[in-house]
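In what follows, a single structure is set out as structure tokens and then discussed.
Just so it is clear, none of the values below were taken in a lab; they were calculated from the coordinates. Just so you know, these numbers come straight off a predicted model, no measurement behind them. Don't worry about glycine lacking a Cβ; one is built from the backbone with ideal geometry, like all the others, and counts go over all protein chains shown.
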Amino acid sequence: MADKITLEVARFSPERDDALRFDSYEVPLHENWMVLDALNYIKDQLDGSVTFRWSCRMGICGSCGMVVNGHERLTCETLLADYLPGPIRVEPLRNFPVVRDLVVDLSDFMEKLERVKPWIIRQPGAPEPEREFLQTPEQLDTFKQYSLCINCMLCYSACPVYGLDPHFIGPAASALSLRYNLDSRDQGSEQRLDVMAQHDGLWDCTVIGECSVVCPKHVDPSLAIQEYKISATKAWFKNLLMPWGAK
Amino acid sequence: MPSAIPHPKQYHRRMPLTWWLERWNYSWFILREFSSAFVAYWVVITLIEIAAISNGPQSYASFQAWMATPVMVVVNIITLIFVLFHTLSWFRLVPQAMVPRIGGKRTSVVATSAPAYVIWAIASAVIACFILGVF
């Protein structure tokens, strides 16, 4: 096995650049090193100005999502050795404005996430249980996979619909919204549906499915959006056929 | 409230026109959507055929002669390929679009897809029986 590998790292300095440029760095190739380890080696030993986000190094925090050789990856879970003989091209996530180097601005997602109310909503005056809410394993199973989302934004980067229409609510926000709709303790699905069923909500999704392919936690946001479409259609028909029963 | 700190310049990347060539999933999606044009063509041809039948044997004979020309045979073979692709691509999406639950448990991918293929096979068999004069 070679003892070195080259990384081509995307660079953007708002003070002087108008577009991305690439700097090449040669790093030691250790058998168990991830792309994130190589980036940290570059920052510590070769070029302290290289900027990127990272935190847990174990695929939990969702901070280190980047595009590695054209594909969205958590760099803490991506082995250097899988890209031999190199070079490895590391770019910031697509579809988000680049702040500096490999750091993107996630404000748009944060605004959308808040809009879909990803928390348990109880109706005013709804009786509170005397002890904790109980859930059966079956009730947990309906939403568990959606709760595993770590907000790493790989799905938004891989979604061409979001790239073409930034108003689209997007995969992760939809999955997290559905996660609470499916929770047996929640009573806020109508409030979320009001947001999701708008024209820039779930209907923009064209079922390409790449969001689910790139998800490192095996969440299926594409399925969430399609399940949401079925719910929205049912609600629309219910409202049409029984207007007196709606809200 | 407006921020007191001026927002630094950001780099907004534009999607290239050839974005759909970058990944197999994107290309598959574009092919799936493109195949809708052939489905529409098939519907138009069917409507023309129905109109020809309703106009009498002479009209239907000239429709058949038109369909037998080499150009139309090639066009219709291409159409058949795209319509089959369109059908299979949507069947392939079924387990990606719904997860029916039986007795509270999720059905498997195979069990979710199977009804579509079974109904397709039965419908094709029934139509084939009509064409071959079994009924």
Need the full-extension length gain, A:Glu111 to A:His218, defined as separation in residues times 0.36 nm minus the C-alpha distance. One decimal, nm.
36.1 nm
Could you give the nm distance between label points at A:Glu138 and A:Gln45, where each point is 7 Å from its Cα heading toward the beta carbon?
5.7
Within 10 Å of each residue's Cβ, count the other Cβ atoms and sort A:Met196, B:Met67, A:Met34, A:Met242 from fewest upward.
A:Met242, B:Met67, A:Met34, A:Met196
For segment A:183-203 and segment B:100-130, compute the distance between their C-alpha centroids and round to whole Å.
30
Mind telling me which of A:Gly201, A:Gly48, A:Gly170 comes out most flexible in a GNM of chain A, alpha-carbon contacts under 10 Å?
A:Gly48
GNM top mover of A:Ile150, A:Ile60, A:Ile120 - chain A, alpha-carbon springs below 10 Å:
A:Ile120
Please express the shape of chain A as an equivalent ellipsoid: the semi-axes are the square roots of 5 times the eigenvalues of the C-alpha gyration tensor, given largest first in whole angstrom.
40, 19, 15
Starting from segment A:1-61, pick out the trypsin sites (Lys or Arg not before Pro) whose DSSP state is loop and whose Cβ has at most 10 other Cβ atoms within 10 Å.
A:Arg16
Show me, bin by bin at 10 Å from 0, the whole-percent P(r) of segment B:19-96 based on Cα pairs.
17, 36, 26, 15, 5, 0
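In percent, what relative contact order does segment A:107-245 have, based on Cα pairs under 8 Å that are 6 or more apart in sequence? The partial results should precede the final answer.
On the way: 160 pairs, mean separation 40.6, N = 139.
Once normalised by length, the contact order is 29 percent.
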Using only the C-alpha atoms of segment A:107-245, find the volume of their convex hull and express it per residue in Å³.
126
Test of understanding: in a Gaussian network model of chain B with alpha carbons linked when under 10 Å, which of B:Ile81, B:Ile53, B:Ile122 would top the mean-square fluctuation ranking?
B:Ile122
Per the protein assembly as shown, cysteines lacking a partner by the 4.7 Å Cβ criterion:
A:Cys64, A:Cys76, A:Cys149, A:Cys152, A:Cys159, A:Cys205, A:Cys215, B:Cys129
Percent of C-alpha pairs per 5 Å bin, chain B, short to long:
2, 8, 9, 12, 15, 12, 10, 8, 7, 5, 4, 2, 2, 2, 1, 1, 0
How long are the semi-axes of the equivalent ellipsoid of segment A:167-232, defined as square roots of 5 times the Cα gyration tensor eigenvalues? Whole Å, largest first.
19, 15, 9
Pair A:Leu148, B:Trp42: separation of 7 Å Cα→Cβ label points (nm):
3.7
Taking each residue of B:8-19 in turn, how many C-beta atoms of other protein chains fall within 10 Å of its C-beta, and what is the average?
6
Quick one: if the Förster radius is 41 Å, what FRET efficiency do B:Val99 and B:Asn55 give, using the C-beta to C-beta distance and rounding to 0.05?
0.25
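Which of the helices in chain B meet the span-like rule: DSSP H, Cα axial reach of 30 Å or more, Kyte-Doolittle mean at least 0.5? Show your work: numbers first, answer last.
Working: long enough: B:24-54 (45 Å, 1.10); B:70-97 (40 Å, 1.61); B:109-132 (35 Å, 2.10).
Helices meeting the span and hydropathy rule in chain B are B:24-54, B:70-97, B:109-132.
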Given a Förster distance of 30 angstrom, what is the FRET efficiency for A:Glu8 paired with B:Trp24, based on the Cβ-Cβ distance and rounded to 0.05?
0.80
Could you give the length gained on full extension between A:Met242 and A:His167, defined as 0.36 nm per residue of separation minus the Cα-Cα distance, in nm?
23.8 nm
So which GluC sites (Glu not before Pro) in segment A:109-189 are both in a DSSP loop and have at most 11 other Cβ atoms within 10 Å of their Cβ?
A:Glu130, A:Glu132
So for chain B, averaging the separation of alpha carbon pairs under 8 Å that are six or more residues apart and normalising by length, what relative contact order in percent results?
18
What percent do you get for the relative contact order of chain A when only Cα pairs under 8 Å and 6+ apart count?
17
Across the residues of A:141-148, average count of Cβ atoms on other protein chains within 10 Å?
1
Quick shape check on segment A:1-126: root eigenvalues a ≥ b ≥ c of the Cα gyration tensor, a/c under 1.5 is rounded, otherwise prolate if a/b tops b/c, else oblate, and it reads prolate
Expressed in Å to one decimal, the Kirkwood Rh of segment A:67-163 from all distinct alpha-carbon pairs is 17.1
